[in-house]
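To start, the structure itself, in structure tokens.
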Amino acid sequence: MKEKFTVLELGDGIASGFCGRLLAGTGGQVIKVEPQSGSCLRIPQNNEPFASAFEYLAMYKKSITPLLDTNGLPPTEILMLADIIIEEFDSDLTKAHQRIDELQSKNPHAVIVVCSPFGLTGPYAKFSSSSIVDWAMSGYASITGEPSREPLQGGGPWCAYVGGATAAIGALAALRNKVSLNQSEIVDVATFESMAALHQWSIVLHTHQGVTKQRSGNYHAESHHPLGLFPCKDGWVSIAVSLAQQWENFCLAIDQPELLSNPKFRSGGLRFDNAQELDTLIIPWLKNHGMDEIVEQLQKWSVPASPVLDIYQVIEDIQLKQRDFWVNRDDIGKNVRAPSLPVTLLNRPDGPPLTPNLGQHNLDINKQVKTKSNHPSYQSKSLSQKNDLPLAGIRVLELSIAWAGPLTGRFLADLGADVIRIEHRNSRGIGIPPGGFEELALQETSSSWQWGDLAPPDIRSGIYPDADLGEKPWNRQGTLNKIHRNKRSLCLDLKTEKGKAIFHSLSKGADIVVNNYRPRALERLGLTYKELQTTNTDIICMTMSGYGATGPFRDRASFGPVLEAHSGLAMLTGYDEGVPYKFGAAFPDGVAGLIGAFALLDALHERDRTGLGQDIDLSQLETYLSIAGEKIIESSYHEKAPPMIGNRSKMFAPQGIYRCKGHDNWVAITISNDHLWGNFIQLLNDPDLNNESYQDMDERHRHHDLIDAAITRWTATRDKFEVMQKLQKLEIPSGAVLSNADLVNNPHLRARKFIVAINQTDVGVREFPGFPIHFKNIPQIQFQTAPALGADNKEILQDLLGFTDVEYQELINERIIAEQPDNSPT
């Protein structure tokens, strides 16, 4: 059997650490290369008795402490062990390129994965960053928090985790090509682009309608309600009503059917516009009931809902316990827990899931050096042409809704897979009133609508170009077209016997079947791994459900904000009053989509290696908790949830988001050491800051309010981009708080070709977010239109399955396949 790959982790940050942890979770050998003094992540922070980030990120890895050269690199014979090398840089572009050049010369076969805040190219490549700067630049801070207050950062360094997960996808994708190309591959992954790519519809809202997205507190976006966090008798609950049926079920569940006849609440957009009035009617019911009672009642009616837990409560969650998600870390302390793997794959890490001691594996790796030939262990698939994309020749059947499953499918499609989206004729009507497109067609687009205005409420959720339904509105929804590019569409009714038979026939020639339905949905359809494997023994299946395929909550309805609330992470995001805040976009879905793509790339690697397919059970709740491992360790050690810190930092002071000149303009700033503080106060020249005691970080923490006031006096008279540029010249981590409009027009994203134009079917040319991974040698990814509904029916059924014209017409007549939804204008 071919060996699993070997990874050298040279980077020493969260992004590179999480990338390495994901690769270690596949059973690959991940070697953490440390200086004699140890990784900087080993240093405890905030008077903790242990370094929680290192204790989490270094699980499943090996540690070596070789002699390093002047560039900080280990000897050539150690570098030659690696199939993948992980690097991480922040602002020092010269050092980055020097190290990359040296790595390529010493190991000409390795995939070199480079994590950084802004990438190796572009106007911001030399910028310094911090966690709050990542949140500010990502576009997430601008839409999180109250519209009357400053934007909010997330409650942890989770942007860097997203960068690491994206880098892990790039590593496995490049690994499929590297031996056949016989040259080193460089994978350039920026946290900035990785986060921008996870916006569900923020970017298309601007490119399709010119709307600058606003903060909405604990309400969700512009087109749904009730969807957010709500107070109840004993805490908070998360409720997610996005579909017409869910609204009806919600009203019946709370015994208020009269709400269904109120014209102010007939659509999600109208309910959002009238949210305060609706809340006065539903919150009294919520405040009369406890969290568990509300969730049980709503879930009984298939309305996504969950309690808003804190991190410590999550550790005792029955679902996670029954799925054995936690790892005991008794080496740190009694009852200390850490997340295990975000998804369990066929090949697993050897040995206990502990953190290695410094240099623990020096002898082991030295033995490997002596017995290893100067060739990489990994042998890729044999490519027919050098210009193939990594997943060329791979066929994927995608059964998906919402965001997580489609995002996984889009990653695979962008990387060259033939992704066939199996969809129902009515799958493109999410968020519209019960009458469907036929009813919408009777409503004229508001003549008063102007570019930059929100669309009329009934059509708002679709983000139609120019707020215009057009002749075929089901093909014009910006939300769907963003996520389904590079795929094919087969509009097939799987509830019919013929539809199921067609799917089974397609699955015989497929490599992957991915879905993000609740587990019981596939079971009812007879499309489980066990059933598909009978005719395709090496097929790979993955179910991406909210809670996983086992456990007491397996069949609960979920949605991104619901999982965010259940995970405890919402209780870490807020100002400082203890009131939780949801993100302005569905963050858990994006994280699950990334982990899903990574899992399937590894499953393909395993099949190349062993010939075996597998059944992957991915829980979106567990993937989301995987980005907060250090918080779990800290909370279980102290037996309490960590406090909310708003926009400040436990480590650095000052840090915050400060008002700038103009409406809702802000800048994020982190002063991470005393030297930068000296440069900072010299620039501001404010007498209130010329206090010698402020040279001490602890003193700056104690006088944070006074310092913040002085900083705001300076920033409030200046443009946010001017402030960012001035501070970055002093190497101070800082970043303008970017809106969705700023992301679309950002010079750095434009320079790195992240904003791309696609000639979309039934729309024309519009701009969309591109692909967040840059390869040196792999061909540039081409962006093809998202398919019209059923656009590929004939090609798929006749070319792949051999249906005749007569048989094809029979399927149309029997409504097994379709090219337009029910209740569509004729």
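The values are calculated or read from the model by the stated rules, or taken from the named source; none is laboratory data. Quick caveat, the model's predicted, so the values are computed rather than measured. Positions of Cβ are generated from backbone atoms using ideal geometry, with glycine treated the same way; all protein chains shown enter the neighbour counts. Only protein heavy atoms, including side chains, enter the accessible area calculation; ligands, DNA and RNA are left aside. Shrake-Rupley method; radii C 1.70, N 1.55, O 1.52, S 1.80 Å.
Structural remarks
- Check on Phe559, at pLDDT below 95, within 23 Å of Ala521 (Cα to Cα) and of a type in the set (A, V, I, L, M, F, W, C): yes
- Elements of type strands (runs of 3 or more DSSP E) in the stretch 588-684, at least 1 residues being open to solvent by 40 Å² or more (accessible area, probe 1.4 Å): 614-619, 655-659
- Scanning the stretch 129-152 for residues that are closer than 14 Å to Thr191 by Cβ, in a loop (DSSP other than H, G, I, E, B), open to solvent by less than 10 Å² (accessible area, probe 1.4 Å) and touching a Ser or Thr at 6+ places or on another chain (Cβ under 8 Å) yields one hit, Gly139.
- Helices (runs of 4 or more DSSP H) wholly inside the stretch 1-86 containing at least 3 residues that are farther than 30 Å from Asp698 by Cα: 14-24, 76-79
- Of the residues making up the stretch 208-267, just one is within 21 Å of the chain's Cα centre (by Cα), within 16 Å of Gly462 (Cα to Cα) and either at pLDDT 95 or above or in a strand (DSSP E or B) (or both), namely Lys213.
- Failed item, numbered, when Val514 is tested on (1) of a type outside the set (S, T, N, Q); (2) touching a Phe, Trp or Tyr at 6+ places or on another chain (Cβ under 6 Å); (3) part of a strand (DSSP E or B): (2)
- Within the stretch 154-177, the residues that satisfy the criterion of being within 28 Å of Gly217 (Cβ to Cβ), assigned to a loop (DSSP other than H, G, I, E, B) and open to solvent by less than 10 Å² (accessible area, probe 1.4 Å) are Gly154, Gly156.
- Qualifying position, being aliphatic (A, V, I, L, M) and over 20 Å from Ser223 (Cβ atoms), among Ile502, Ile463, Ile459: Ile502
Results for (1) surrounded by fewer than 24 Cβ atoms within 10 Å (Cβ to Cβ); (2) at pLDDT below 95; (3) in contact with a strand residue (DSSP E or B) (Cβ under 7 Å, 6 or more places away or on another chain), shown as yes or no for each residue.
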residue	(1), (2), (3)
Pro456	yes, yes, no
Gly509	yes, no, yes
Val513	no, no, yes
Glu523	yes, yes, no
Gly526	yes, yes, no
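- Residue under evaluation Asp719, criteria (1) within 30 Å of His208 (Cβ to Cβ); (2) of a type in the set (D, E, K, R); (3) out of contact with any Lys or Arg (no Cβ under 6 Å at 6 or more places or on another chain), criterion not met: (3)
- Residues (of a type in the set (Asp, Glu) and either part of a strand (DSSP E or B) or more than 17 Å from Leu227 (Cβ to Cβ) (or both)) located in the stretch 537-587: Asp538, Asp555, Asp576, Glu577
- Screening Lys62, Lys95 for residues that are open to solvent by 40 Å² or more (accessible area, probe 1.4 Å), farther than 23 Å from Arg750 by Cα and touching a strand residue (DSSP E or B) at 6+ places or on another chain (Cβ under 7 Å) leaves exactly one candidate, Lys62.
- Each residue in the stretch 367-423 was checked for being closer than 20 Å to Ser489 by Cβ, open to solvent by 40 Å² or more (accessible area, probe 1.4 Å) and at pLDDT below 95, and 2 pass.
Residues checked against (1) open to solvent by 40 Å² or more (accessible area, probe 1.4 Å); (2) under 30 Å from Gly611 (Cβ atoms); (3) at pLDDT below 95:
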residue	(1), (2), (3)
Glu3	yes, yes, yes
Val7	no, yes, no
Gly11	no, no, no
Arg21	no, yes, no
Gln29	no, yes, no
Pro49	yes, no, yes
Asn71	no, no, yes
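- Qualifying residue in the stretch 744-752 (condition: touching a residue at least 40 places away in the same chain (Cβ under 8 Å), of a type in the set (A, V, I, L, M) and buried (at least 16 other Cβ atoms within 10 Å of the Cβ)): yes
- When each of Thr610, Thr550 is tested for being at pLDDT below 95 and over 30 Å from Gly656 (Cβ atoms), the lone residue that passes is Thr610.
- Unmet requirement for Leu492, which otherwise passes all of (1) open to solvent by less than 20 Å² (accessible area, probe 1.4 Å); (2) modelled with pLDDT under 95: (2)
- Answer from Lys482, Lys498 - the residue that is in a helix (DSSP H, G or I) and open to solvent by less than 10 Å² (accessible area, probe 1.4 Å): Lys482
- Where a residue in the stretch 278-306 is closer than 14 Å to Asn249 by Cβ and modelled with pLDDT of 95 or more and its partner, wherever it lies, is of a type in the set (A, V, I, L, M) and open to solvent by 50 Å² or more (accessible area, probe 1.4 Å), with Cβ under 7 Å and at least six apart: Trp301/Leu252
- In the stretch 700-715, the residues that are open to solvent by 50 Å² or more (accessible area, probe 1.4 Å) form Cβ pairs under 7 Å with partners that are part of a helix (DSSP H, G or I) and charged (D, E, K, R), at six or more places apart or across chains, as follows: Leu706/Asp688.
- Subset of the stretch 463-478 (residues that are polar (S, T, N, Q) and either surrounded by fewer than 21 Cβ atoms within 10 Å (Cβ to Cβ) or touching a Pro at 6+ places or on another chain (Cβ under 9 Å) (or both)): Asn475
- Asp317 vs. criteria charged (D, E, K, R) and surrounded by fewer than 19 Cβ atoms within 10 Å (Cβ to Cβ): no
- Considering residues of the stretch 781-826 that are closer than 30 Å to Phe754 by Cβ and small (Gly, Ala, Ser) only, the residue most open to solvent (accessible area, probe 1.4 Å): Ala791
- Looking only at the stretch 424-452, and only at residues there that are open to solvent by 60 Å² or more (accessible area, probe 1.4 Å) and hydrophobic (A, V, I, L, M, F, W, C), the one that is modelled with the highest pLDDT: Trp451
- Matching residues in the stretch 271-288 - criterion: being among the β-branched types (Val, Ile, Thr) and surrounded by 14 or more Cβ atoms within 10 Å (Cβ to Cβ): Ile282, Ile283
- If you go through the stretch 39-48 and keep only what is touching a residue at least 12 places away in the same chain (Cβ under 8 Å) and not charged (D, E, K, R), you end up with Ser39, Cys40, Leu41, Gln45, Asn46.
- Selection status of Leu532, open to solvent by less than 40 Å² (accessible area, probe 1.4 Å) and either assigned to a loop (DSSP other than H, G, I, E, B) or over 18 Å from Leu604 (Cα atoms) (or both): no
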